[in-house]
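To keep things clear, I will list the structure first and then write my remarks on it.
The values are calculated or read from the model by the stated rules, or taken from the named source; none is laboratory data. Treat the numbers as computed from the prediction; the structure is a model and nothing was measured. For neighbour counting, all protein chains shown are included, and Cβ atoms are generated from backbone atoms with ideal geometry for every residue, glycine included. Accessible surface areas use protein heavy atoms only, side chains included; no ligands, DNA or RNA. Shrake-Rupley method; radii C 1.70, N 1.55, O 1.52, S 1.80 Å.
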Amino acid sequence: MALTFKGGLHTYDGKDLSKDKPITVLLPKGDLVYPMSQHIGAPAKPLVAKGDPVLVRQKIAEAGGFISACIISSVSGTVKAIEPRMTVSGAMSPSIIVENDHEYRTVEGFGEKRDYKSLTKEQIREIVKEAGIVGMGGAGFPTHVKITPKDDAAIDYVIVNASECEPYLTSDYRIMLEYPEKLVEGLRIEKSLFPNAKGIIAIEDNKPEAIAKVSALVKDDSDIEVKVLKTKYPQGAERQLIYAATGRQINSSMLPADAGCIVDNVDTVVAIYHAVAETTPLHRRIITVTGDAVADPRNFWVRTGTNYAELVEAAGGFKETPEKIISGGPMMGLALFTLDIPVTKTSSALLAFTKDEAAEYEEGPCIRCGRCVSVCPGRIVPQKLMEAAQRFDDELFQKLNGMECCECGCCTYVCPAKRRLTQSFKQTRRSILDSRKKK
Amino acid sequence: MGLFHVSASPHTRDHVTTNQIMADVAIALIPASAFGVYYFGLNALVILCVSMLTCVLSEYIYNKLMKTPQTPYECSALVTGLLLGMNLPASVPIWIPILGGVFAIIVVKQLYGGLGHNFMNPALAARCFLLISFAGRMTNFTVTGVKESGVSSETVYKVLNGASSVDGISGATPLAVMKAGGEADLFDLFFGFTGGTIGETSALMILIGAIYLIARKVISLRIPLTYILTVAVFALCFGGRGLDANYLLGQVFGGGLMLGAFFMATDYVTSPITPMGQIVFGVLLGIFTGIFRIFGGSAEGVSYAIIFCNLLVPLIEKVTMPRAFGCKKRRKG
Ligand code: SF4
Ligand code: SF4
């Protein structure tokens with residue numbers, strides 16, 4: 001029996017479009033844009049100025065605080081400007097713009113193989129920090145902070161989130177098929193930081209080939225286990241994943257570490273491998289470009305800073321005019337109104353659809369069907385929460401566990417009355433979090 | 001490059017809509033109503049059609065008069081009309097479904113805010129209103145055109161044995177027979193060759209519709225199952241017949257329980273939204289139905305039990321709010 005959680009749903013998964021397309025390397029054509037905010041926490045601080053030459057893998061911005069991450073150049077060339085540019089959220093972020101000389105000259109010493117066993121824990125953590133690694137599943141939480149819990153001995157599990165439950169996304173799947181050994185070695189490295197930890201690689205049961213490949217690699221590791229999860233959205237949501245893999249439950253005010261767990265997504269663990277074992281900091285991303293408007297859906301190895309428009313071009317352009325473009329998955333991704341946006345560490349997919357399903361239906365009155373209640377993985381009652389949100393009753397909203405909502409989108413997806421539940425919860429949660437900060 | 005649509009996630013939607021769900025309910029009611037027409041004759045068809053038409057028209061006219069936009073949920077009014085018709089005896093005069101339909105849609109549904117806001121099941125509220133106002137006509141189960149059925153040579157039944165003077169004809173529905181100490185013929189009960197309202201007699205046809213609804217994931221078994229089981233247990237404990245299979249099954253298949261449990265107690269708007277609440281609701285329904293049937297003056301109790309429990313729904317929801325994932329404390333809403 002595959003492991004899972006209560007609630008959730010099945011959607012059309014769309015993965016067939018790109019799941020059999022090998023990862024291809026995409027070289028950038030235009031300028032590269034590196035926003036200083038591409039992680040949770042303080043923005044990074046530029047270390048270069050206009051006119052400076054830069055090399056591939058050079059650190060061009062340093063962490064701006066304890067919770068922050070540095071930024072690495074993915075090409076060689078010259079700093080053209082440091083100015084605000086638009087990011088996926090639609091906000092302007094100060095960015096370093098690098099003119100690519102297409103020579104890809106690298107900083108010396110990079111790319112060398114090294115054995116993690118000869119490194120101390122402090123060295124490994126420092127390497128991860130200097131590599132600018134953040135959670136690449138979407139949240140962008142700095143990884144060096146995550147792998148430095150209060151007590152190393154209290155960590156029982158290091159979990160690789162390989163569920164890839166968002167429809168259409170296939171980048172993690174391709175990684176598991178094409179270089180599973182890097183994933184497994186990355187996990188071994190990460191696990192070595194915690195004396196009591198077991199490793200878990202959690203994969204949904206709709207990826208049998210990936211399960212087979214990864215399982216074969218860990219068959220001699222007594223303390224690494226592949227756990228097969230039921231295919232269901234949002235199986236990869238952190239709290240639901242921890243529950244399915246370990247039976248432990250955490251709420252919104254707890255960290256995975258409070259339940260003895262560290263969770264990282266596939267590409268993040270591969271980034272750890274590259275940084276530690278191959279002396280290569282994070283300067284690239286595996287990204288799926290797909291959707292029914294894309295001529296040739298593909299998976300790319302792409303340098304951070306590359307313009308989204310170049311991704312579309314490399315995927316054969318649009319075969320039909322798209323109505324909606326999404327960065328990330330259809331359930332939690334961000335809709336874009338322009339393609340003039342750079343690939344960042346957290347870009348997992350670029351989707352283009354000829355139809356905007358969200359705009360197709362009109363919103364009607366709630367018929368109290370209870371569908372939202374049965375799919376909510378947070379076990380809250382979205383129907384009631386909506387009443388609180390619509391009345392701007394923040395107190396009631398919190399009493400109804402509104403802060404436990406992970407914004408997974410399941411309730412909006414199933415609602416037959418097409419009410420925009422998740423959307424309202426997002427707004428209310430933002431405003432409550434903002435007012436908490438002010439206090 | 002032109003501008004693309006921008007909206008907050010999620011960007012995809014399930015294709016099920018409100019109207020589609022209501023249409024599914026209507027489809028699921030077809031076997032039972034078809035049987036009603038077959039068994040009770042053409043008059044039953046007229047009642048069903050008039051009832052549905054009245055409900056749909058009432059909604060349309062109300063929206064016109066109130067200058068509210070026409071709602072694209074005509075299937076919801078259609079279901080109300082169909083259910084109302086199925087809850088009427090085939091012998092009622094034509095103005096009964098008209099009056100009932102107007103009452104259901106205008107008073108019970110629209111005046112309380114329209115779809116999703118009524119706190120009583122419109123069809124049942126209308127039935128109870130008609131029962132109180134026109135007890136005689138509503139309990140006259142004169143069956144015309146009945147096929148050779150074998151249940152009894154009588155062609156006249158009556159549901160409320162307490163009102164045996166009604167229309168001067170004596171006779172009884174299976175529940176009334178049992179209440180008076182007799183035995184019900186289970187075979188006839190299950191297939192529906194018995195007295196009752198147009199849509200409630202055939203347990204088999206109702207079950208076929210229910211299976212369709214469950215397969216289409218429109219309803220879950222939580223409410224109907226707990227409801228029916230509770231009625232059986234209640235009858236076992238208080239029916240005074242002990243473990244008498246014939247009596248217990250008679251209680252389950254007789255009267256309006258099957259139709260009520262699968263099609264009216266499960267009405268989204270007037271049943272609890274929390275999973276735990278649905279179970280509590282089912283149990284309460286069973287207890288009240290049992291009380292009304294066994295200790296009450298009449299042999300039937302489903303309609304009253306359902307509308308009474310409808311009123312308890314907000315309370316039930318309050319005490320059955322689920323515990324959020326990963327939270328220890330159960331917070332009350
Ligand atoms: S899914 Fe939509 S219609 Fe159903 S109870 Fe929730 S909010 Fe209401
Ligand atoms: S978006 Fe929030 S309320 Fe809706 S299903 Fe997900 S966790 Fe529950």
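Quick notes on this one:
- Taking the stretch B:203-324 and dividing mean pair separation by its residue count, relative contact order in percent (alpha carbons under 8 Å, at least six apart): 30 percent
- Put a dot 7 Å past the Cα of A:D394, heading toward its Cβ, do the same for A:K113, and the two dots end up 5.7 nm apart.
- Counting Lys and Arg as +1 and Asp and Glu as -1 over every other residue whose Cβ lies under 11 Å from the Cβ of A:E130, the net charge comes to +2.
- When you count the other C-beta atoms within 10 angstrom of each residue and take the mean per peptide, B:32-41, A:104-113, A:311-320, A:215-224 line up highest first as B:32-41, A:311-320, A:215-224, A:104-113.
- The mean sequence separation of alpha-carbon pairs under 8 Å and at least six residues apart, normalised by the residue count of chain A, gives a relative contact order of 19 percent.
- Proximal aspartates and glutamates relative to A:K324, as straight alpha-carbon distance under 15 Å, when same-chain residues fewer than 8 apart are discounted: A:D292, A:D340, A:D356, A:E357, A:E360
- Average accessible surface area per residue within the stretch A:1-72, 1.4 Å rolling probe, Å²: 49 Å²
- Other-chain or far-sequence residues with amide H under 5 Å of A:V54's (modelled H): A:G77, A:T78, A:V79
- Top positive-direction residue, dipole computed over the stretch A:131-182 with Cβ charges, set A:I175, A:V134, A:V160: A:V134
- Solvent-free Debye scattering, log10 I(q)/I(0), computed from the Cα coordinates of the protein assembly as shown at q = 0.09 Å⁻¹: -0.86
- In this structure, A:D152 and B:K328 have a Cβ-Cβ separation that, at R0 = 41 Å, corresponds to a calculated FRET efficiency of about 0.95.
- Dipole check for the stretch A:314-439: with +1 at the C-beta of Lys and Arg, -1 at the C-beta of Asp and Glu, and the Cα centre as origin, the magnitude is about 540 Debye.
- In this structure B:T17 has an accessible area near 40 Å², from a 1.4 Å probe over the protein heavy atoms.
- Lacking any other cysteine beta-carbon closer than 4.7 Å, the following Cys residues of chain A have no compatible partner: A:C70, A:C165, A:C261, A:C366, A:C369, A:C376, A:C405, A:C406, A:C408, A:C410, A:C415.
- Along the stretch A:300-310 the Karplus relation, 6.51 cos²θ - 1.76 cosθ + 1.60 evaluated at θ = phi - 60°, assigns HN-Hα couplings of 10, 9, 10, 6, 4, x, 5, 6, 4, 4, 5 Hz to successive residues, with x for each Gly and Pro.
- Note that the stretch A:371-438 presents 40 Å² accessible area per residue, ligands and nucleic acids not counted, probe 1.4 Å.
- Applying the Karplus relation 6.51 cos²θ - 1.76 cosθ + 1.60 with θ = phi - 60° to the stretch A:4-10 yields 3J(HN,Hα) values of 6, 10, 8, x, x, 7, 10 Hz, where x marks Gly and Pro.
- Between the beta carbons of A:T321 and B:I106, assuming R0 = 51 Å, the FRET efficiency works out to 0.60 to the nearest 0.05.
- The stretch B:174-317 - percent of accessible surface contributed by carbon and sulfur, probe 1.4 Å: 77 percent
- Phi to ³J(HN,Hα) by Karplus 6.51 cos²θ - 1.76 cosθ + 1.60 over the stretch A:73-90, Hz, x for Gly, Pro: 6, 9, 9, 9, x, 10, 6, 8, 6, 10, 8, x, 9, 6, 10, 4, 6, x
- Whole-percent carbon and sulfur share, accessible surface of the stretch A:335-439, 1.4 Å: 49 percent
- Peptide B:270-278 is shielded by partner chain Cβ atoms: per residue, an average of 4 of them sit within 10 Å of its Cβ.
- For the residues B:T68, B:T54, B:T226, a GNM of chain B with alpha-carbon springs under 10 Å puts the largest fluctuation on B:T68.
- Whether the stretch A:313-367 is rounded, prolate or oblate, judged on the alpha carbon gyration tensor where a/c under 1.5 counts as rounded: oblate
- Packing-based ranking of A:17-29, B:74-86, B:267-279 yields B:74-86, B:267-279, A:17-29, ordered from highest to lowest mean Cβ neighbour count within 10 Å.
- Chain A: calculated mean residue ellipticity at 222 nm from DSSP helix runs of at least 4, using -39500 (n - 2.57): -7500 deg cm²/dmol
- For the set A:K6/A:K213; A:K6/A:K232; A:K121/A:K146; A:K230/A:K345; A:K45/A:K191; A:K230/B:K217, the pairs lying more than 22 angstrom apart at their alpha carbons are A:K6/A:K213; A:K230/A:K345; A:K45/A:K191.
- FRET efficiency, A:D52 to A:L255 (Cβ-Cβ, R0 35 Å, nearest 0.05): 0.35
- With all protein chains modelled, accessible area of A:R85 [1.4 Å, Å²]: 80 Å²
- Residue by residue along A:245-251, Cβ atoms of other protein chains within 10 Å of the local Cβ number 2 on average.
- With all protein chains modelled, accessible area of B:R222 [1.4 Å, Å²]: 90 Å²
- Inter-label distance, nm, simple model (7 Å from Cα along the C-beta direction), A:R430/B:F238: 5.5 nm
- Members of the stretch B:1-47 that become less accessible by 50 Å² or more once partner protein chains are added (1.4 angstrom probe, chain alone as reference): B:F4, B:H5, B:V6, B:S9, B:P10, B:H11, B:T12, B:R13, B:D14, B:T18
- Shape call, the stretch A:117-161: gyration tensor on alpha carbons, a/c limit 1.5: oblate
- Inter-part distance where the stretch A:126-205 and the stretch B:206-249 are each reduced to a Cα centre, Å: 51 Å
- Residue ranking by accessible heavy-atom surface, 1.4 Å probe, largest first, among A:E185, B:E200, A:E122 comes out as A:E122, A:E185, B:E200.
- Å² of accessible area per residue within the stretch A:211-335, as computed with a 1.4 Å probe and no ligands counted: 30 Å²
- Both chains summed, the buried accessible area for B and A stands near 4600 Å², from protein heavy atoms and a 1.4 Å probe.
- Inter-chain Cβ neighbour average for residues A:329-339, partner chain, 10 Å: 4
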